[in-house]
Amino acid sequence: MNFKRNIIITGGAGFIGSHVVRLFVNNYPEYKIINLDKLTYAGNLANLKDIEDKPNYRFVKMDICDFDGVYQLMQDEHVDGIIHLAAESHVDRSIKDPFTFAQTNVMGTLSLLQAANQIYSASRIPHSAFKFYHISTDEVYGALELTHPLGIEPPFTTKASSGKHHLAYGDQFFTEDKKYQPHSPYSASKASSDHFVRAFHDTYGLPTVITNCSNNYGPYQFPEKLIPLFINNIRHRKPLPVYGKGENVRDWLYVEDHARAIDLIFHEGKVGETYNIGGFNEWKNIDLIKVLINTVDRLLGRKEGEDMDLITYVTDRAGHDLRYAIDSSKLQRELGWEPSLQFEEGIEKTVRWYLDHQEWLDNVTSGDYQKYYEEYYGKE
Ligand code: NAD
Ligand code: DAU
């Protein structure tokens, strides 16, 4: 079968990647979508059960660091698009094991770039018909202060370019030209990968685009990250380890809104450009945690707030960034994207999803999800 485009999505068995794969497989039956994933602890093919039999979908278990394998796959599949999400993504793990982060996030990205560039330069695919799209994070910009020039106590509302009001904890935001100041081994590795992507554009003319996104939330997130971990703990009445004083601020975006932005930028984003993607939705951790407790309690028929005593303040994360806040007005202005979901709606939907998918969570926490590849695709 001939497809209009042949696209590799790396890290498609992970949290955001699975939403991106699903969106592309369902919305573009004329494209072949090749999900390239190593299936580390964070990769879970059960995230894609609903689309795994579609004729335009193929899963390939592969490490992005395997240059020969990646090159061969790109050649065999006549690839003309790469959407690169595969990464080690958890800050706490990066503090314990920085080498793995450098290996996957830096060397892995370099291996993909080198393979893509060789394929692209040897092919007759026009510049406008090829894209290497690198998914990165707002953490590369470092941390912002909790300040307001008029001394107004945060949180306060500011106006997004769309005219919508949103919650903010400071008057400064990450814009695309903000200096890179990563603090954790994770963000340092992502920053380094971003530099390599720009270098391949500037040096070899590889058609690249980069996006830096804020914290995502929604279904299929690995329960080591704040929101799914805490929902699961509240359900089972386990302690909620709040780092430091819970004062850190994150800007939360519903994962399907991120996937929608990726779709738009893959198709319409300008080559060589960087776009920030954010939720215009800042929350102090402790306030967000209280919303989670109230929502889980309510949905489980408990008295709202009765699990507040699960909050347990623990030693802060080393190098813990105080505040992230994305200014995504460039993306709104140039490509017309903005978040579709209000936070209240998104968080309710998310809590409901985890409560309704206890089996998914149990499989992940027990490790059973790692048997899925063999069960579905057979022994290697
Ligand atoms: P995740 O940890 O849930 O998934 C990562 C996926 O990459 C997994 O399926 C894993 O198996 C795969 N992978 C890891 N190492 C690999 C390797 N060497 N070769 C092939 N596959 C490998 O991550 P996520 O939260 O979905 O994040 C996806 C991307 O988005 C990452 O690049 C991350 O930096 C970026 N990002 C994440 C967020 C967020 O809030 N989660 C926000 C902004 C940007
Ligand atoms: O900003 C984008 C980034 O968001 C992505 O690039 C990362 O891949 C993603 O993991 C996320 O990073 P964070 O470190 O912000 O996410 P995490 O869910 O680990 O933590 C959110 C906040 O909650 C952070 O301030 C640390 C705090 N926290 C986290 C955990 C897991 C706690 O207080 N207790 C916890 O147990």
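The values are calculated or read from the model by the stated rules, or taken from the named source; none is laboratory data. Predicted, not measured: the structure shown is a model, and the values here were computed from it. Neighbour counts are summed over all protein chains in view; Cβ atoms, including those assigned to glycine, are modelled from backbone coordinates with ideal geometry. Side chains included, ligands, DNA and RNA excluded: accessible areas come from the protein's heavy atoms. Shrake-Rupley method; radii C 1.70, N 1.55, O 1.52, S 1.80 Å.
Kindly indicate whether any position in segment 201-209 is part of a loop (DSSP other than H, G, I, E, B) and touching a His at 6+ places or on another chain (Cβ under 7 Å).
yes
For segment 108-120, state whether one or more residues are part of a loop (DSSP other than H, G, I, E, B), of a type in the set (S, T, N, Q), open to solvent by 30 Å² or more (accessible area, probe 1.4 Å) and at pLDDT 85 or above.
Within segment 108-120, none of the residues are part of a loop (DSSP other than H, G, I, E, B), of a type in the set (S, T, N, Q), open to solvent by 30 Å² or more (accessible area, probe 1.4 Å) and at pLDDT 85 or above.
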Assuming His320 fulfils every condition listed in (1) part of a helix (DSSP H, G or I); (2) surrounded by 14 or more Cβ atoms within 10 Å (Cβ to Cβ); (3) at pLDDT 90 or above apart from one, which condition is it? (1)
So how many residues does segment 17-36 have that are surrounded by 23 or more Cβ atoms within 10 Å (Cβ to Cβ) and either within 16 Å of ligand 2 (Cβ to nearest atom) or part of a loop (DSSP other than H, G, I, E, B) (or both)? 4
Tabulated pairs, segment 302-315, first under 17 Å from Asn232 (Cβ atoms), second within 16 Å of ligand 1 (Cβ to nearest atom) and not in a loop (DSSP other than H, G, I, E, B), C-beta under 9 angstrom, 6+ apart or interchain: Leu310/Phe230
Single match in Ser329, Ser366, Ser340 (criterion: surrounded by fewer than 20 Cβ atoms within 10 Å (Cβ to Cβ), more than 26 Å from Thr137 (Cβ to Cβ) and among the polar types (S, T, N, Q)): Ser366
Going residue by residue through segment 193-203, is there one that turns out to be out of contact with any Ser or Thr (no Cβ under 8 Å at 6 or more places or on another chain), among the hydrophobic types (A, V, I, L, M, F, W, C) and open to solvent by less than 10 Å² (accessible area, probe 1.4 Å)? no
Per-region count, segment 245-261, residues at pLDDT 95 or above, farther than 22 Å from Gly17 by Cα and open to solvent by 20 Å² or more (accessible area, probe 1.4 Å): 1
In the list Ile265, Ile289, Ile293, which residue meets the criterion of being touching a residue at least 24 places away in the same chain (Cβ under 8 Å), of a type in the set (A, V, I, L, M) and over 18 Å from Ile311 (Cα atoms)? Ile265
Check segment 299-307 and report whether any residue there is open to solvent by less than 50 Å² (accessible area, probe 1.4 Å), of a type outside the set (Phe, Trp, Tyr) and on the phi > 0 side of the Ramachandran plot. yes
Can you name the residue in segment 89-105 that is assigned to a loop (DSSP other than H, G, I, E, B) and within 9 Å of ligand 2 (Cβ to nearest atom) and is also farthest from Tyr133 (Cα to Cα) among such residues? His90
Top-ranked residue of segment 52-75 - restricted to ones that are in a loop (DSSP other than H, G, I, E, B) and near ligand 1 (Cβ under 10 Å from one of its atoms), ranked as surrounded by the fewest Cβ atoms within 10 Å (Cβ to Cβ): Asp66
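What number of residues within segment 76-107 satisfy the criterion of being within 23 Å of Ser192 (Cα to Cα) and open to solvent by 10 Å² or more (accessible area, probe 1.4 Å)?
20
Go through segment 332-347 and give me each residue that's part of a helix (DSSP H, G or I) and over 19 Å from Gly218 (Cβ atoms).
Those that are part of a helix (DSSP H, G or I) and over 19 Å from Gly218 (Cβ atoms): Gln332, Arg333, Glu334, Leu335.
Sort through Leu264, Leu288 and tell me the only one that's aliphatic (A, V, I, L, M), part of a helix (DSSP H, G or I), out of contact with any Gly (no Cβ under 6 Å at 6 or more places or on another chain) and open to solvent by 20 Å² or more (accessible area, probe 1.4 Å).
On the way: Leu288 fails: open to solvent by 20 Å² or more (accessible area, probe 1.4 Å).
Just a single option satisfies the conditions, and that option is Leu264.
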Quick check: is even one residue across segment 209-222 open to solvent by 30 Å² or more (accessible area, probe 1.4 Å), touching a Ser or Thr at 6+ places or on another chain (Cβ under 7 Å) and without any contact (Cβ under 8 Å) to a residue 60 or more places away in the chain? no
Criterion (free of Cβ contacts under 8 Å to residues at least 12 places away in the same chain and more than 9 Å from ligand 1 (Cβ to nearest atom)) met by exactly one of Lys4, Lys32, Lys49: Lys49
Take Thr100 and decide whether it is within 19 Å of the chain's Cα centre (by Cα) and without any contact (Cβ under 8 Å) to a residue 24 or more places away in the chain. yes
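Being among the aromatic types (Phe, Trp, Tyr), at pLDDT 90 or above and in contact with a Gly (Cβ under 8 Å, 6 or more places away or on another chain) is the filter here, so list the residues in segment 337-379 that pass it.
Hit for segment 337-379 is Trp353, nothing else.
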